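Asks: Just passing along the structure, written as structure tokens.
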Amino acid sequence: MKQLIQNLKTGQTLLEDVPVPIVKEGHLLIKTSKSLVSLGTERMLVEFAKANYLQKAKQQPDKVKMVIDKIKTDGLQPTLQSVFNKLNQPLPLGYSNVGTVVAIGKGVSGYKIGDRVVSNGPHAEYVMAPKNLTAHIPDEVTDEEASFTVVGSIGLQGIRLANPTMGETFVVIGLGLIGLLTAEMLIANGCNVIGYDLDDQKVKIAQEKGITAFNPGKGTDPVQFVMQHTQQIGADGVIITASAKTHDIIAQAAQMSRKKGRIILVGVVGLNLSRADFYEKELTFQVSCSYGPGRYDENYELKGHDYPIGYVRWTEQRNFEAVLNLIKNKKLNVKPLISRIIDFENYSEIYSNMKGDKTIANILTYKNKEKPSSKISLFTKSFKQQKGVIGIIGAGNFTSVTMLPILQKLNANLKTIASSGGLSATGLAKKYKIPNVTTDYQEILYDQEIDTVIITTRHNLHAPMVIEALQHGKNVFVEKPLAIDKNELEEIIKTYSQSKGSLTVGFNRRFAPFSKKIKDLLGSSNQPINIIATMNAGYIPPESWVHDMEIGGGRIIGEACHFIDLITYLTGSKVEGVIMNALGKQPEENTDNASIILKYENGSNAVINYFSNGSKKYSKERLEVYAQNRTIIMDNWRKLYTYGFRGKSKYSNKQDKGHYNQFKELLNFISTGDKTIIPFDEIINTTKASFSTIESLKTSRWISVK
């Protein structure tokens, strides 16, 4: 299928051939008939992509600060590599999609094949959308009309936050697509509506819809105009749908408001607020978030957990339905807003000159001639009778920024890459010359030429995919963690014992040059040692998937396992017992501020401090080793200091966390059949130890690792 994408690095907007998504649980697969181009949002993205690096930096000063901080801690080269890889990732365009349901995922009810639906899917011939971000289209509403639903819900959410009542006067600043829809819905709500814009065409359309509209560029003062039309009282509410960098708009909104008026920001404007303007009138100001309650909540959007209607009357899905009903009942007339209807293949007629585009709404129409396929081949390459032929499942940041550049340097035999949506995998396949792309990871498992599977998906998928790959006799490399609960781990142990395949977990720290140096300095005496490891992990918002115990497993299981394995490597022993204490009086199992004490079988003692409340300017990882009147300090994988040793006492290196050596040894193992690069019993011990930390936190006692 074809999908419209934006390349932030080159500035190109183009149609990409990508495999059709495989419908997953809680989702619908939709064959697109129409999609609406949101000129405001998409124009900003396209223009940002076309800007040079300096212009991009000026537009995002916060991101520049983050880059500078990362350079200070990680070094220039790793930081620049990360930035350029991020810019090179293709971004999907569009979020107002209409089509028919062609596949229904497990757990979805209320839909059947052939239903016409709207969704926030991108401009693509097929889209996969979660059930709570879709809505049925009434028979009386055409596909063209329905394509306004998602954009309309943005305006509707702004209206709901403003809480208008019948007879009130509202001002809509900016009469673009969202502004016109907002103004007309306010009229349907029984409000008197004033609107203004610098485009005469938009002002004319607004006037034809019964809006008191004007162009302030022709000499009309907006504040005076509103005051005159409200008997000097001022507007009850102002909804800003404009997109401009100026701070004047927010000032005008305050000055034209009545005492205790409401101002809602839907668009993007400068926000230098005057305290006097807001203080004297006791104005309220709120920023509206997209389509409504549920937005960016993974429990609602991805897991399908609806909010009870008695407590949250209007969710984003119910806002979709409300807009469709307004169109159905002729309360919202979107037909006059349609500027052009263009074939999807002719997208460049819109995107080649978006900066000067004065149209209001452009609709893309789809023919969908090609038979949908979950796999595409970019070019032909033979892998017959070769060892180490690799299939990759997962195309996220780790795959793109860290793993693939290394595998390319090592001339790895990469045959197929899979991702659930297909777009990210396609971009990486083109960049790293991978012949095949699929959205069905089973293609990799059943491919007889592929003997090695690399899994870099979200954590909850690791164990099930490891089990499947081992059942197919593959060599398996899975990015940490191996599993997120004991039942998964037991099933892996059972499957591994019956499989011809091998298993490696991405505990890369043990392969770092400084880790090997520390191991050499300690020697092979196997005497007990003391280790303090500190991970200044950094803050991640609580709503992130990594904190979800069902998806990410929490940061201790998902990330602290790195240092458990590293200490196992350095001590030459396995964990015997664990106790963990967390920050705060009432610790939770998904804490990311904790201290872990580890007892090892050979008597070694270790402490792992995993903290998320430290400064990003400080080193992210630090290791202290105390043994036989000697001390070794490793600072962020860039510097190593030794005390009590003969000879050199300070070592420096570019930051190297062991990924290169790890994959080099993995490829060598696959091709030679030599011993696995991490002993299986150590992998299992580390994973069990990570589970024991959570059990210890719950029970406030030492946990024996068996």
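The values are calculated or read from the model by the stated rules, or taken from the named source; none is laboratory data. Owing to the predicted nature of the structure, the values given are computational and were not obtained by experimental measurement. Note that each Cβ is placed from the backbone with ideal geometry, even for glycine, and that neighbours are counted across all protein chains shown.
Asks: Among the listed residues LYS281, LYS260, identify the single one that is loosely packed, with under 15 Cβ neighbours inside 10 Å and over 29 Å from THR359 (Cα atoms).
Replies: LYS260
Asks: I would also like to ask the following. Of the residues GLU449, GLU443, GLU488, only one is in contact with a Pro (Cβ under 8 Å, 6 or more places away or on another chain) and over 20 Å from ASN397 (Cα atoms); which?
Replies: GLU488
Asks: Residues that are buried (at least 21 other Cβ atoms within 10 Å of the Cβ), outside the structural domain of ALA206 (by TED's automatic domain parsing), touching a residue at least 12 places away in the same chain (Cβ under 8 Å) and on the phi > 0 side of the Ramachandran plot: does the stretch 316-324 have at least one?
Replies: no
Asks: Same structure again: Test of understanding: among GLY270, GLY292, GLY261, which residue is in a strand (DSSP E or B), out of contact with any Pro (no Cβ under 7 Å at 6 or more places or on another chain) and not assigned by TED's automatic domain parsing to the domain that holds MET44?
Replies: Just one listed residue meets the conditions, GLY261.
Asks: One residue is enough: does the stretch 194-211 have a residue meeting the conditions loosely packed, with under 13 Cβ neighbours inside 10 Å, charged (D, E, K, R) and either in a strand (DSSP E or B) or touching a residue at least 60 places away in the same chain (Cβ under 8 Å) (or both)?
Replies: Scanning the stretch 194-211 turns up at least one residue that is loosely packed, with under 13 Cβ neighbours inside 10 Å, charged (D, E, K, R) and either in a strand (DSSP E or B) or touching a residue at least 60 places away in the same chain (Cβ under 8 Å) (or both).
Asks: Within the stretch 684-706, can you find the residues that are under 29 Å from the mean Cα position of the chain (by Cα) and among the hydrophobic types (A, V, I, L, M, F, W, C)?
Replies: Residues satisfying the conditions are PHE691, ILE694.
Asks: Please count how many residues of the stretch 405-420 are assigned to a strand (DSSP E or B) and not hydroxyl-bearing (Ser, Thr, Tyr).
Replies: Residues that pass the stated criteria total 5.
Asks: Give me a count of the residues in the stretch 219-241 that are among the aromatic types (Phe, Trp, Tyr) and out of contact with any Phe, Trp or Tyr (no Cβ under 7 Å at 6 or more places or on another chain).
Replies: Residues in the stretch 219-241 being among the aromatic types (Phe, Trp, Tyr) and out of contact with any Phe, Trp or Tyr (no Cβ under 7 Å at 6 or more places or on another chain): 0 in total.
Asks: Looking only at residues that are over 36 Å from the mean Cα position of the chain (by Cα) and assigned to a strand (DSSP E or B) in the stretch 232-258, which one is farthest from GLY158 (Cα to Cα)?
Replies: Of everything passing the filter in the stretch 232-258, ARG258 is farthest from GLY158 (Cα to Cα).
Asks: Of the residues that make up the stretch 85-100, is at least one out of contact with any helix residue (DSSP H, G or I) (no Cβ under 9 Å at 6 or more places or on another chain) and modelled with pLDDT of 70 or more?
Replies: Checked the stretch 85-100: at least one residue is out of contact with any helix residue (DSSP H, G or I) (no Cβ under 9 Å at 6 or more places or on another chain) and modelled with pLDDT of 70 or more.
Asks: Next question. With a cut-off of at least 1 residues that are closer than 30 Å to GLU543 by Cα, name the strands (runs of 3 or more DSSP E) lying wholly within the stretch 574-661.
Replies: Because the criterion is at least 1 residues that are closer than 30 Å to GLU543 by Cα, the strands (runs of 3 or more DSSP E) in the stretch 574-661 that meet it are 575-582, 594-600, 605-611, 621-627.
Asks: Okay, next question. Give the residue, chosen from ALA322, ALA276, that is of a type in the set (Gly, Ala, Ser), in a helix (DSSP H, G or I) and farther than 27 Å from ILE360 by Cα.
Replies: From the options ALA322, ALA276, the qualifying one is ALA276.
Asks: If you don't mind, there's one more thing I want to ask. Since SER400 meets every condition but one in (1) outside any loop (DSSP other than H, G, I, E, B); (2) over 23 Å from LEU93 (Cα atoms), which condition does it not meet?
Replies: Of the numbered conditions (1) outside any loop (DSSP other than H, G, I, E, B); (2) over 23 Å from LEU93 (Cα atoms), the odd one out for SER400 is (2).
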